[in-house]
Structure formats: structure tokens, C-alpha cells
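The values are calculated or read from the model by the stated rules, or taken from the named source; none is laboratory data. As the structure is a prediction and not an experimental result, all values here were calculated from the model. Cβ coordinates were reconstructed from backbone atoms using ideal geometry, including for glycine residues, and neighbour counts include every protein chain displayed. Ligands, DNA and RNA are excluded from the accessible area calculation, which covers all protein heavy atoms including side chains. Shrake-Rupley method; radii C 1.70, N 1.55, O 1.52, S 1.80 Å.
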Amino acid sequence: MFFWKKNKPCAILLILILSQLILISIQVPLGDESSFFKKILIGIFSPVKHGIVFIYNGIGKFWDNYFFVKDSSRENARLETEVLYLRQENLFLKNTIRKYIDEKAIIDKVRDFYTDFLVAGVIGIDLNNYYKTIIIDRGTLDGIKKNMVVLDRNGYLVGRILKPLSFKESRVQLITDNDIGFGVYTETGTPFGILTGDGEGRCLLKYILKTNNNVQIGQDVLTSGQDDVFPRNLQVGRIISVEEIESLFKIVRVRPFFQFKDLDRLVVLLRNMKEEY
Amino acid sequence: MRDITRISIGLILAVIMYTLLESISFSTVLIFNIFNLVVIYFAMEKGETSGAILGMVCGMIQDSFSAGVFGVAGISKTITGFLAGFVAKRIDIVLFSRNFIFIFFLSGMELIIWAFFYVFIFSERINTGQGLIFLQPMGTALLGSISFKLIRYLHELKNSKSHEK
């Protein structure tokens with residue numbers, strides 16, 4: 001009793017550390033699965049985060065709409081020109097496709113297309129794994145499922161849904177994660193390789209033999225569609241360096257096309273659009 | 001009861017600040033460890049036991065925002081809270097410069113403990129955000145010493161006004 005009174009703060013510190021070590025050891029075998037305790041905390045803080053992001057975005061929009069309008073007319077003119085070009089492109093593509101399939105089929109396809117993707121916002125990053133995962137504001141209520149493809153606003157590949165966390169939250173595994181792996185090919189058509197993240201914001205094209213001279217700096221990398229997760233021909237990144245070391249394979253570094261600063265708005269493909277891509 | 005209310009407000013403010021920083025830019029979350037500031041502030045006021053308990057709570061909240069194992073940030077913040085309360089009882093750290101150095105060392109130590117546990121549990125390198133994470137002790141110390149100074153100033157202002165009445 002005397003010992004407890006004298007060393008009470010130290011004893012409390014030890015108890016707290018021990019209890020957390022036990023908590024950690026319980027979770028480690030669970031792997032990617034969130035513990036019950038963590039699910040409860042996510043459930044509590046998720047609405048708070050949604051609310052704060054909503055208010056922050058609201059203030060940002062208010063600022064843009066009412067105060068920051070000096071560039072709006074120039075921006076409007078630029079967008080009008082862009083829309084004009086896109087309409088022409090759209091018309092050209094429709095006419096080209098019409099040669100192969102009838103108009104009704106095209107209309108059906110285009111109508112389906114809009115229901116096949118979902119716009120999502122990023123509400124969190126993983127501080128422990130900065131280039132591994134992000135959290136988006138769409139969950140099971142929006143029909144999000146594991147392995148759905150996530151693109152950025154320009155259509156560049158960002159990653160895949162790792163798992164829905166709650167009704168309104170899901171975790172996205174980024175292509176810069178060193179645990180991801182998917183089939184890719186370069187714009188020249190060869191070679192097919194496996195792309196993985198380096199965990200530091202870039203990707204590595206693996207298993208490219210030293211004898212292979214088709215891989216060069218500046219080539220674009222696209223998904224091959226061989227992994228049954230990502231459809232073919234999604235734009236992934238550009239080769240920035242090719243190194244030869246004392247190994248059978250080359251070290252090929254790829255800079256992803258998506259930018260971290262542009263991750264505020266994402267697109268989730270609700271089905272595997274293999275035919276469309 | 002008043003203390004619990006104040007600590008709860010501190011925690012809510014930290015969650016709001018954390019989410020706002022995340023919305024502005026992901027990098028800012030690496031530079032400023034808001035939860036550390038809440039732990040250090042209340043540990044300085046209430047002592048090592050309260051600091052350790054609050055450290056555990058803040059660490060768990062921070063861990064709930066990330067994908068990793070729950071408790072890694074908790075342990076590092078528990079130790080930080082305990083040390084902050086322990087040292088603050090014995091050394092006068094009210095001065096701005098001393099306050100800055102105090103928070104700088106505690107944040108640096110917290111980062112080292114967190115990195116140690118992270119590497120130990122996950123068996124992989126920590127993501128430094130292209131080196132940004134190394135600015136965390138400096139950024140947190142700067143933000144903390146300015147915020148604490150401001151809070152003390154507002155306290156004094158409030159007290160002097162109530163004395164005048």
C-alpha cells in the first residue's frame with residue numbers, strides 16, 4: 001500500500017503502457033481487419049469528420065462564389081472552349097463507333113456509363129502510411145465494394161477499394177503502396193510487367209529482364225487488365241528512370257500520373273468496365 | 001467537472017484542427033502534431049498522471065484516423081504526457097523560449113518512440129513524406145509555444161477584467 005502511494009504515477013504509467021501493448025498484440029493477428037474497439041471509435045469520429053469537411057468545403061465554395069471571382073470570366077471562356085472541343089470529339093467518336101454498332105446500342109451504353117461511376121471526396125489520409133491508403137466519403141450505403149477501381153478527376157489510376165469501413169467511409173489502397181501489385185504494359189505494347197508502389201510516392205515496374213531494351217525513360221505505363229481488378233488501358237504513370245544493377249532484373253521507376261494535391265475529388269467505378277476501357 | 005469539460009473541449013478542438021489541416025493539405029498533418037499539443041498543455045497544467053491518461057486517449061483518437069494497429073500512437077503519447085507533466089512540475093517552462101524548447105524535445109521524443117514501435121510492429125520503414133515528418137518537432141513546437149502564449153494572455157486578460165469588476 002505504501003509502495004502504491006509513493007509510486008502511484010509510475011504505476012499508472014506502467015498499467016497504461018501494458019494495457020496498450022496487450023491491445024496491440026490482440027490486433028496484430030487480425031491483419032487488415034479492424035478491431036471492435038477501433039470500429040466503435042471510427043463510428044464516433046466519422047460523422048464529426050464528415051461535418052467538418054462539409055463546413056470547410058462550404059466555406060471554400062462560398063469564398064469562391066462570392067469573393068474570388070476575378071478570374072471567373074477568363075475561366076468560363078476557357079471552359080467553354082474546352083466543352084466545344086469535347087463536344088466535337090464526342091461527336092467524332094460517336095460517329096466512329098456508329099460504324100461498328102447501331103445508335104440505340106450507343107445511347108444505352110452512354111446512359112449506363114453515368115450510373116457506373118460515383119464521385120467521392122477524400123476525408124482522410126493514413127498518417128502511419130502516407131503513400132499507402134486514403135479514406136473516402138463513400139461506403140457500403142453507396143454500393144462500394146472491395147476491389148472497385150478508383151480514378152482521379154483526370155481519369156488517371158489512383159488505386160482500388162481495400163474495404164468499406166462503414167456506411168459512409170471506405171479505405172482506398174493507392175498504387176504507391178508497396179503491398180499492391182498489378183499487371184501493366186508500356187505504350188510501345190511491351191513488355192508486360194508487374195507494377196508495385198515504392199511506399200514513397202512512386203512506383204516500381206518489376207521483373208523487367210536486363211536483356212530487355214524496350215523499356216525507356218519517358219514511356220507511359222498503362223494497365224494490362226490481366227489481374228482481374230483493373231480494366232485494361234487505364235493510364236498509370238511515366239517511366240522516370242531505368243537502372244541496371246547486379247541482378248537479373250532492371251530497376252524501373254515510374255512516377256504516377258495522379259497528384260496528391262488533386263485527390264480532393266475521385267471517381268469510383270462501380271463495376272469492372274473491361275469492355276469500355 | 002470543470003477540468004473534464006476543458007479537456008473535452010481541447011480534444012474536440014484537436015479533432016477539428018486535425019481534420020481541417022488534412023483538408024487544407026495532407027502535408028500539414030505531418031508537420032503539426034495537434035494531439036501532442038493537447039497532451040502537453042494539459043499535462044503541464046494537471047501533472048504526469050493526467051498527462052499519461054490523456055496521452056493514451058489522444059493517441060487512440062489519432063490511431064482511429066489511420067489504418068495501422070491501434071495503440072502505437074497511444075503508447076508514445078502516454079509516455080510524452082507523463083514526461084511533460086513530470087518535467088513541468090520541476091522546471092519553470094512558462095517563458096516562450098523555454099516552452100518552445102520543451103515542446104520541441106517532447107515532440108521529437110514522441111516521434112522517435114512512435115517510429116520505433118511502428119518499425120517494430122510493421123517491420124517496415126516509416127513514410128517520412130519526403131522528409132516532412134522531420135519538421136514535426138519544430139512545427140509543433142512553434143505552433144504550441146505561440147498557442148500556449150496566446151491562451152495565457154487571454155487568461156490574464158480575463159482575470160484582470162474580473163478584478164476590475
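Got a number for carbon plus sulfur as a percent of the stretch A:182-258's accessible area, 1.4 Å probe?
Working: 1730 of 3650 Å².
In the stretch A:182-258, the share of accessible area belonging to carbon and sulfur is 47 percent.
What do you get for chymotrypsin sites (Phe, Trp or Tyr not before Pro) in the stretch B:1-80 restricted to DSSP loop and a cutoff of at most 15 other Cβ within 10 Å of the site's Cβ?
Of the chymotrypsin sites (Phe, Trp or Tyr not before Pro), not one in the loops of the stretch B:1-80 has a Cβ with at most 15 other Cβ atoms within 10 Å.
Does the stretch A:182-258 come out rounded, prolate or oblate, given a ≥ b ≥ c as the square roots of the eigenvalues of its C-alpha gyration tensor, rounded meaning a/c under 1.5 and, failing that, prolate meaning a/b above b/c? Intermediate results must be reported in sequence, preceding the final value.
Details: a/c = 1.58, a/b = 1.35, b/c = 1.17.
Prolate, because a/c is 1.5 or more and a/b exceeds b/c.
Assuming R0 = 45 Å, what is the FRET efficiency of A:E246 and A:N147, from their Cβ-Cβ distance, to the nearest 0.05?
Using R0 = 45 Å, I get an efficiency of 0.75.
Going by a 1.4 Å probe on protein heavy atoms, which residues of the stretch B:124-145 end up with at least 10 Å² less accessible surface in the whole assembly than in their chain alone?
SASA drop of 10 Å² or more in the stretch B:124-145: B:E124, B:R125, B:N127, B:G129, B:Q130.
With all protein chains present, how much of the accessible area of chain B (probe radius 1.4 Å) comes from carbon and sulfur, to the nearest whole percent?
71 percent
B:M109 versus A:A11, label points 7 Å from Cα toward the beta carbon: distance in nm?
So the label points at B:M109 and A:A11 sit 2.3 nm apart.
For the stretch A:208-233 and the stretch B:1-71, what is the separation of their C-alpha centers, rounded to whole Å?
44 Å
Go ahead and estimate [θ] at 222 nm for the protein assembly as shown from helices alone: -39,500 (n - 2.57) per DSSP H run with n ≥ 4, summed, over the residue count, rounded to 500.
After summing the helix terms and dividing by the residues of the protein assembly as shown, the value is -18000 deg cm²/dmol.
Let me know the shape class of the protein assembly as shown, please: from the alpha-carbon gyration tensor, a ≥ b ≥ c as square roots of the eigenvalues, rounded when a/c is under 1.5, otherwise prolate if a/b is greater than b/c, or oblate.
The shape class here is prolate.
Chains A and B: how much accessible area gets covered up at their contact, both sides added, probe 1.4 Å, in Å² to the nearest hundred?
Buried area (both sides, nearest 100 Å²): 4000 Å².
Sticking with the crude label model, points 7 Å out along Cα→Cβ, report the distance from A:R78 to A:K39 in nm, one decimal please.
4.7 nm
May I ask you to find the residues of the stretch B:78-114 that are shielded by at least 10 Å² of accessible area once the whole protein assembly is considered instead of their isolated chain (probe 1.4 Å)?
The answer is B:T78, B:I79, B:F82, B:W114 - residues whose exposure falls by at least 10 Å² when every protein chain is included.
Accessible area per residue, 1.4 Å probe, Å², for the stretch A:151-235: what's the number?
Heavy-atom accessible area per residue stands at 41 Å².
Measure off 7 Å from each Cα along the Cα-to-Cβ vector at B:S162 and B:F116, then give the distance between these two points in nanometres to one decimal.
4.2 nm
Within chain B, which whole H helices from DSSP have a Cα span along their axis of at least 20 Å and a mean Kyte-Doolittle hydropathy of -1.0 or more, if any? Don't skip to the end; give the middle numbers.
Working: long enough: B:2-24 (33 Å, 1.28); B:48-64 (24 Å, 0.65); B:72-90 (28 Å, 0.87); B:96-122 (38 Å, 1.76); B:136-164 (41 Å, -0.33).
Passing helices, by number: B:2-24, B:48-64, B:72-90, B:96-122, B:136-164.
Provide the per residue accessible area, probe 1.4 Å, for the stretch B:2-164, rounded to a whole number of square angstrom.
Values: 7450 Å² over 163 residues.
I get 46 Å² per residue for this part.
Ignoring everything but the protein chains, give the 1.4 Å probe accessible area of B:E22 in square angstrom, nearest 10.
Surface open to solvent at B:E22 totals about 10 Å².
Rounded to whole Å and ordered largest first, report the semi-axes of the equivalent ellipsoid of the stretch B:99-149 derived from its Cα gyration tensor (root of 5λ).
Details: eigenvalues 119, 27, 8 Å².
The answer is 24, 12, 6 Å, longest axis first.
Which of the residue pairs A:K8/A:K38; A:K39/B:K46; A:K61/A:K261 have a Cα-Cα distance greater than 25 Å in the structure shown?
Correct reply: A:K8/A:K38; A:K39/B:K46.
Which residues belonging to the stretch B:26-72 lose at least 40 Å² of 1.4 Å-probe accessible area when the assembly is complete, relative to their chain isolated?
Residues passing the criterion (a loss of at least 40 Å², heavy atoms only) are B:F26, B:L30, B:T49, B:M56, B:M60, B:S64, B:F65, B:S66, B:A67, B:V69, B:F70.
Can you list the aspartates and glutamates whose alpha carbon is less than 17 Å from that of B:K149, not counting same-chain residues fewer than 8 positions off?
Hits, sequence-local ones excluded: B:E45, B:D92.
Select from B:G144, B:G71, B:G131 the residue whose mean-square fluctuation is largest in a Gaussian network model of chain B (Cα-Cα springs shorter than 10 Å).
Highest fluctuation of the listed residues: B:G131.
Going from most exposed to least, what order do B:H155, A:H50 have by accessible area with a 1.4 Å probe?
B:H155, A:H50
Reachable aspartates and glutamates from A:K210, Cα under 12 Å, same-chain residues fewer than 8 places away excluded?
Counting by Cα, and skipping residues close in sequence, A:K210 has these aspartates and glutamates nearby: A:E243, A:E244, A:E246.
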